[in-house]
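Here's the structure, in structure tokens; my notes come after.
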Amino acid sequence: MRFLVVGAGALGGYFGGRLLQAGQDVTFLLRPRRAAQIAANGLCIKSPAGNAHIPSPPHVLSDDIAEPFDVVIVACKAYDLAHTIDSFAAAVGPESAVLPLLNGMQHLDVLSERFGRERVLGGLCLISAALDEAGNVLHLNDMHALTFGELGGGRSARVDAIAAAFAPANFTSTASDNIMQALWEKWVFISSMAGITTLMRASIGDIVSAGAADLGLALFEECRAIAAHNGFPPSAAAVERGRAMVSAAGSPITASMLKDIERGAPTEADHILGDLLSRGAEAEADRSMLRIAYAHLKTYEARRSREEAARAA
């Protein structure tokens, strides 16, 4: 089975690198700058689960894709998806599967429109990872899980084949019979975590110590209600886990979206919070926390755009 991993950033570099370690046929689709960096230094993973250095990982530039791949793993930011799709389109053939690891749901519609829904799988990952200035992949916690499955549910031959390829790799992989439920449960959690930590510009522990744990719980409840309205109420275990995470005293956790703000980068506000907000029922009594959190992010985006335009003038 031939895998094309789109990019060798934190997510693509980690999971693609682990697959290469396990002997799988993996090629990275890279931009010229990252290709030069990897050609010089190789792909380096620093992880509590074990470090890895792959001196010359197979890679290709967009213009050099010569034939379709069996599986295309996509792990870009949502706001880069339109450009990224163009870069790997030549790798998607009639029998290819596209496995995105983005948060939310909007990307599934975009990919399905471009390649056909029958070629798109659902996927999510649970990992905290980043690139350092040298381009090394830093795995920052003990979680490194990847879950995937057919959008329509159930199992298929291609899902079983991917599961077999993932099995020997140094990460936890799960083939799900109900990936849409898993995607919605993660979306509820990510929106709650991103919304409250960006709104307060603080970690969960700092928010709790300020006596504001109830705000995170209120936001989680609003997000949970939207999932239920769309036919995917989070399980009791997911609700218990989510509530505990957004109200945990002393927790150092912040959302990656807060890190984006702190470094002056664009955010996935529209794709994570905005899209979720738009899927709520008009008759719902209250989505005030979600609206405020989304407005806060959009205000940041407006200021960022204005300041960029002023610098360019």
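Is it the case that region 147-159 has a residue that's assigned to a strand (DSSP E or B), crowded, with 22+ Cβ neighbours inside 10 Å, touching a strand residue (DSSP E or B) at 6+ places or on another chain (Cβ under 6 Å) and modelled with pLDDT under 95?
No, every residue in region 147-159 fails to be assigned to a strand (DSSP E or B), crowded, with 22+ Cβ neighbours inside 10 Å, touching a strand residue (DSSP E or B) at 6+ places or on another chain (Cβ under 6 Å) and modelled with pLDDT under 95.
Among the residues of region 131-141, write down those that are surrounded by fewer than 14 Cβ atoms within 10 Å (Cβ to Cβ), in contact (Cβ under 8 Å) with a residue 24 or more places away in the chain and in contact with a Ser or Thr (Cβ under 9 Å, 6 or more places away or on another chain). Spell out the reasoning first.
At the first step, the residues of region 131-141 found to be surrounded by fewer than 14 Cβ atoms within 10 Å (Cβ to Cβ) are 132-134, 140-141.
Within this subset, residues satisfying the condition of being in contact (Cβ under 8 Å) with a residue 24 or more places away in the chain are 134, 141.
Scanning region 131-141 gives a single hit, N141.
Could you count how many residues in region 240-259 are over 19 Å from N141 (Cα atoms), part of a helix (DSSP H, G or I) and out of contact with any Phe, Trp or Tyr (no Cβ under 8 Å at 6 or more places or on another chain)? Step through it out loud before you land on a result.
Here is the first cut: in region 240-259, the ones over 19 Å from N141 (Cα atoms) are 240, 243, 247.
Checking the rest, the ones that are also part of a helix (DSSP H, G or I) come to 240, 243.
Next cut, out of contact with any Phe, Trp or Tyr (no Cβ under 8 Å at 6 or more places or on another chain) only: 240.
Residues in region 240-259 being over 19 Å from N141 (Cα atoms), part of a helix (DSSP H, G or I) and out of contact with any Phe, Trp or Tyr (no Cβ under 8 Å at 6 or more places or on another chain): 1 in total.
Looking at region 197-207 only, could you name the residues that are assigned to a helix (DSSP H, G or I) and open to solvent by less than 30 Å² (accessible area, probe 1.4 Å)?
The initial filter retains those residues of region 197-207 that are assigned to a helix (DSSP H, G or I), namely 197-200, 204-207.
Passing the criteria: T197, T198, I204, G205, I207.
Restricting attention to region 243-261, and to residues there that are surrounded by fewer than 19 Cβ atoms within 10 Å (Cβ to Cβ) and over 19 Å from the mean Cα position of the chain (by Cα), which single residue is nearest to A225 (Cα to Cα)?
Across region 243-261, the extreme among qualifying residues is R243.
If I ask for residues that are assigned to a helix (DSSP H, G or I), open to solvent by less than 10 Å² (accessible area, probe 1.4 Å) and more than 13 Å from A75 (Cα to Cα), which ones from region 1-30 would you list?
G17, R18, L19
Having 2 or more residues that are out of contact with any Cys (no Cβ under 8 Å at 6 or more places or on another chain), open to solvent by 10 Å² or more (accessible area, probe 1.4 Å) and at pLDDT 95 or above is the bar; report the strands (runs of 3 or more DSSP E) wholly within region 31-128 that clear it.
Those strands (runs of 3 or more DSSP E) span 43-46.
Say whether the condition of being open to solvent by 40 Å² or more (accessible area, probe 1.4 Å), more than 16 Å from the chain's Cα centre (by Cα) and aromatic (F, W, Y) is met by at least one residue in region 217-230.
Looking for residues that are open to solvent by 40 Å² or more (accessible area, probe 1.4 Å), more than 16 Å from the chain's Cα centre (by Cα) and aromatic (F, W, Y), one finds none in region 217-230, hence no.
The values are calculated or read from the model by the stated rules, or taken from the named source; none is laboratory data. Bear in mind that the values here come from a model prediction, so they are computed numbers and not experimental data. Glycine gets a Cβ as well: all are built from the backbone with ideal geometry, and neighbour counts include every protein chain shown. Surface areas here come from the heavy atoms of the whole protein model, side chains and all, with no ligands, DNA or RNA. Shrake-Rupley method; radii C 1.70, N 1.55, O 1.52, S 1.80 Å.
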